[in-house]
Structures are given as C-alpha cells and as structure tokens.
1. Kindly indicate the residue of segment A:286-300 that is surrounded by fewer than 17 Cβ atoms within 10 Å (Cβ to Cβ) and in a loop (DSSP other than H, G, I, E, B) and also farthest from RNA strand B (Cβ to nearest atom) among those meeting that condition.
2. Of all residues in segment A:238-260, which are closer than 14 Å to A:ALA305 by Cβ and either in a strand (DSSP E or B) or open to solvent by less than 30 Å² (accessible area, probe 1.4 Å) (or both)?
3. Do we find that A:ARG31 is under 26 Å from A:GLY269 (Cβ atoms), at pLDDT 95 or above and in a strand (DSSP E or B) in this structure?
4. If I filter segment A:206-232 down to residues being open to solvent by 30 Å² or more (accessible area, probe 1.4 Å) and more than 12 Å from RNA strand B (Cβ to nearest atom), which single residue comes out as nearest to A:GLU167 (Cα to Cα)?
5. Can you pull out the residues in segment A:388-425 that are within 12 Å of RNA strand B (Cβ to nearest atom) and open to solvent by 30 Å² or more (accessible area, probe 1.4 Å)?
6. Would you confirm whether or not segment A:124-145 contains a residue that is more than 25 Å from A:ASP87 (Cα to Cα), exposed (fewer than 13 other Cβ atoms within 10 Å of the Cβ) and of a type in the set (Gly, Ala, Ser)?
7. When the residues of segment A:158-193 are filtered to those that are in contact with a Ser or Thr (Cβ under 8 Å, 6 or more places away or on another chain), outside any strand (DSSP E or B) and under 15 Å from A:GLY79 (Cβ atoms), which remaining residue is most open to solvent (accessible area, probe 1.4 Å)?
8. Any idea which residue in segment A:454-468 is most open to solvent (accessible area, probe 1.4 Å), counting only those that are of a type outside the set (Gly, Ala, Ser) and touching a residue at least 24 places away in the same chain (Cβ under 8 Å)?
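The values are calculated or read from the model by the stated rules, or taken from the named source; none is laboratory data. Since the model is a prediction, treat every value here as computed from it, not as a measurement. Positions of Cβ are backbone-derived with ideal geometry, glycine not excepted, and every protein chain shown enters the neighbour counts. Only protein heavy atoms, including side chains, enter the accessible area calculation; ligands, DNA and RNA are left aside. Shrake-Rupley method; radii C 1.70, N 1.55, O 1.52, S 1.80 Å.
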Amino acid sequence: MTVKTRFAPSPTGYLHIGGARTALFSWLYARRHGGSFVLRIEDTDQERSTPEAINAILDGMAWLGLDYDEGPFYQSQRGERYAEVIDQLLASGHAYRCYCSKERLDSLREDQRARKQKPGYDGRCRDIVEPPADAEAEPVIRFRMPTEGAVHIDDRVRGHVSFQNSELDDLIIARADGSPTYNLVVVVDDMDNGMTHVIRGDDHLNNTARQVNILRALDVAPPSYAHVPMILDEDGRKLSKRSGSASVMDFRDQGYLPEAVVNYLVRLGWSHGDQEIFTPEEMIANFDIDAINQSASSLNASKLAWLNQNYMKTLEPAYVGEHLAWHLRQLGVDPDAGPSLAALVACQAERTKTLVEMAHNSLFFYRAPSEYDDKAARKNLKGDATQALATVRERLSGLDDWSVEAIHATVQGTAEALGLKMGKVAQPIRVAVSGGAVSPPIDSTLALLGKETSLARIQAAEAWIAENLSEA
RNA sequence: GCUCCCAUCGUCUAGCGGUUAGGACGCCGCCCUCUCAAGGCGGAAACAGGGGUUCAAAUCCCCUUGGGAGCACCA
C-alpha cells in the first residue's frame, strides 16, 4: 500500500509553528516511503476562511520548502459529497435528526456541569420517529454513537489508547443549514483521499474515537494514526499569537533561515541518536514515526539561533546573501549598493546569530557612520591614534592591490613600523570605518568597504579627533 | 467535574532490566586573538515522589503529585 499523508490546517490567518512541524513530519513520512503528501484546507467555517488566511498557509509552506503532491483541496468545494455521506448515514440509521434547540442544549450542559457530570447530548431525539410538535427550528443531524463497547486505537506514537463508547455522545455531523461539521468532514476526506497515515496534533486524540466510529458506520477501515505532542513556548506555556513566535513567518521576520527552522522543528519531538544537524536528504532517510517523542516540548530560541548560525556559516554564501538582502531591504537599505553579499555573508556569518543581526551589523557597509559609538571613540579615537591613522591611511593609499592579504600586510607593517601592537592600529581604524568597536577582521572589513570609502572614513576620523582635541 | 494523554540536566534529547545515566543548546573556566565572534579543551547540571515486580528498575506495574488536551450547530 502506498503511503499517503496529509496536512489539513484550518485557515486561521497564519501557519502555526506546531502545525508546521506536523506538516513537516507528514511530509517526511510520505517522502521517506515514496508516498504522497496532500495539502487540504479545512475551510468549512466560512467566516474565518478568507483568501488572505488561506494564502498565509500557502506562503508558510512555501517558505519552509514543504511541497505537496496533491491539493490544495478545499473542503468548501465538497459540499455535495458530504451531503451524500450524511444521507447515507441517515438512510442506514447511523444518523438521525435532532430538533433540540440551542437553548435546551445549553441548559442541559449547564445542568450536567453543575452535577459534575461530563457535558454531552442526552439523546432525547435519538429514537423519535416524527418531529416533535414543538419543534421550532430546522433540525441538525447527529451521529448515532454506539452505547456499548469501546474503540481501541493503536496510535503510532501513543501506543494503545482506548475509549469507552459510553463516554461518547451523539455528535452533530450537519448543522441546521445542512452544512457538515468538522468530525464528519475529516472522516469523509481522509476516506475519499485514501489516507493511510494521519499525523496530527494530540489535541485531536480525543476526537479519534468518534471518527473511528463514523468510519465503522461507513464500513471503512480507519487509517493509521499518529498523534504528536504539542509545542509549548519558552516558559512551557501554550503558544499564543501574542508571543511573537507562533507563526512560521515570525521566524522569518526574526532573521532565521528556513533551513534552520526546519532542522530545529524536526528535532523537536523527534530524534535520531545524537544527530543534531540534518540535511533534507538525511531527514527523509532517517525519519520514523516510532522515534517521535510522547511528551510536549518547549521552544528554545538559543538553540534555534545556534542552528541558524550553523546554516548561515555552511550554506552557500550567495544563497544566504539572498535572504540577507530581504532583511536589508526591511531596513531601508539597497542591497545592491554595497559589497558583494556573498563576501559579506562569508565574514559576518561567524559573528552573528540571525539575519536581522547580520543586517544591522552590516549597515556601515552601506552608509557612513553618522556618529561614533561614545565608548569606542573615547577609547580608540584619542590623540595618540592620529599618527597611526594617518600613517596607515598614507600607506593604504599607495596600495594598488586592494586585497585582504595586501591590506593585512599594510596594517601589520604600520604597527611594526610605529612600534605599536596590532590592536593600537586596527581598533582606531575599526571605529573610524564602522563607527563602533565591533566588526569583522579589519583587513576583510576594509576590503569589503573598498579603497575610496575606507580612506575617506579614516580621514574623517582624523579630522574628528583633531576637532575634539581642540575643543578640549 | 468527567474522559484521555504526558513526566531524564534550565531547554531539546539518548536510554527500551545490569551504563561512571550519553549527546546537543545555553552557562562557567582556560587556550587562540586587531574588536566581536568562530574554533579547541575542560567543568557544573537530570531520572518528580511513593509503593510494588525482579538477583537487579531511569527502564515493567500501581498510586500520588504536577502539566496538557477534549467534553460546541469551531476546526
């Protein structure tokens, strides 16, 4: 049997990070077994399903690089099929019309809670033949849940889980307006699409028994289920949109590479021995549902950051440069008006954790510092730096070969000639060209900056020193 | 309240009856060094508690505690 998995998000306006991991697991499992991965949009709730909300899901998937073999399918377009199944269930006696009003249902639940019982439908319309005389509204349709026996599920990550049917009430499968509800729709779609493996969040574990019973009524064998645990935030709490990292796009905005996010996600709840870094091929080759953890896991930003830096260092610099360009534009910088992005990435990657940080720390390559960092200037742009700056500038200006090696030799030669330590020459230059005390190695920095710009900024620093001395 | 699920360093995890309880992130120290990093080396850090089963339990069973999910004409 060919493996078929699906990811079935409801369009909430963004791709949730937990959903993204579920999608990744499903995708990996399908890829691993040469199967098919399906994307299905659960948009039966008309009000929430806007085109924007749907696009947010699609964009998130694309950003992560999760492609699908079939779909996207939209449940909103399958109304006829659902109606057909509902009729079938009605005809076979597995479903019935319920005329109870919402008011009655609400007070029923209230009473049950007051009596410390589990709220649920009491089955009043379960066996009636004719609509009650006092029926006010259009009826809903309920599934006739078995009252005896149990449902046993062999969950691929939870193991054996069972539910007594007596715990299950008769759920509504069609609203008064005839539209189908979630539990019915999921069952029909998974059945029609021929899903072999349903990998989903464990918030659905409780629904599974109901769905299996519906499948039984339809005389269809249930798929293999795998309920993966939730992802919690750094404090071990439920992820909320307000935490700023519930959406995968939040991670993009925070400067993470999709490769890092994917690698981070795959190791959250899944492991393969001690391996931390996985290429996509390695993930596919080694992914296994049986190695998924049973307990919830918390997001940890510093580990993600470490992975991100790892990918910034090891991925093709030109590729990372494309992502950096996006962030530079966010800062109002034209990425084409500076050094080669690949070269920039090559020397910034090992000193920044995120693309946002990289972009910020690279701003001086695009515009001269508007002012010097106070502390850095006080320490390095003092009177005694004038000679060092003037000397290197003069020597650098004579350089025909503006290469890292030549610049390095020149700066070092200047230090030696002046009897100074390397730092006494390099640091003033660094502050002069970058405005602060931190930058890539001074030779690389100047090489990236270009000869003209470098010399001009050094000269400007000399002038600044002279001005500050005269004022003092 | 009822039903279901979960529990190893701060975090992600390895472990699937016998280990000095391993790795990774982070943290601390040392080395390297023109800054910041990166890198190398070293270190601190965990089996929630209590009962069983067994020659032997982090591993199996039960209870407690603590988390989480579900109980909609939402998905």
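1. Ranking the candidates gives A:ASP288 first.
2. Selection gives A:SER245, A:PHE251, A:GLY255, A:TYR256, A:LEU257, A:ALA260.
3. no
4. Step one: filter segment A:206-232 for residues open to solvent by 30 Å² or more (accessible area, probe 1.4 Å), giving A:206-207, A:210, A:216, A:219-222, A:224, A:230, A:232.
Keeping just the survivors that are more than 12 Å from RNA strand B (Cβ to nearest atom) gives A:216, A:219-222, A:224.
Values: A:ARG216: 17, A:ASP219: 22, A:VAL220: 22, A:ALA221: 22, A:PRO222: 20, A:SER224: 22 Å.
Only one residue tops the list, namely A:ARG216.
5. Of everything in segment A:388-425, those that are within 12 Å of RNA strand B (Cβ to nearest atom) and open to solvent by 30 Å² or more (accessible area, probe 1.4 Å) turn out to be A:VAL404, A:GLU405, A:HIS408, A:ALA409, A:GLN412, A:GLU416, A:LEU420, A:LYS421, A:MET422, A:GLY423, A:LYS424.
6. Quick first cut of segment A:124-145, residues more than 25 Å from A:ASP87 (Cα to Cα) only: none.
Checked segment A:124-145: no residue is more than 25 Å from A:ASP87 (Cα to Cα), exposed (fewer than 13 other Cβ atoms within 10 Å of the Cβ) and of a type in the set (Gly, Ala, Ser).
7. Out of the qualifying residues, it is A:ARG175.
8. A:GLN459
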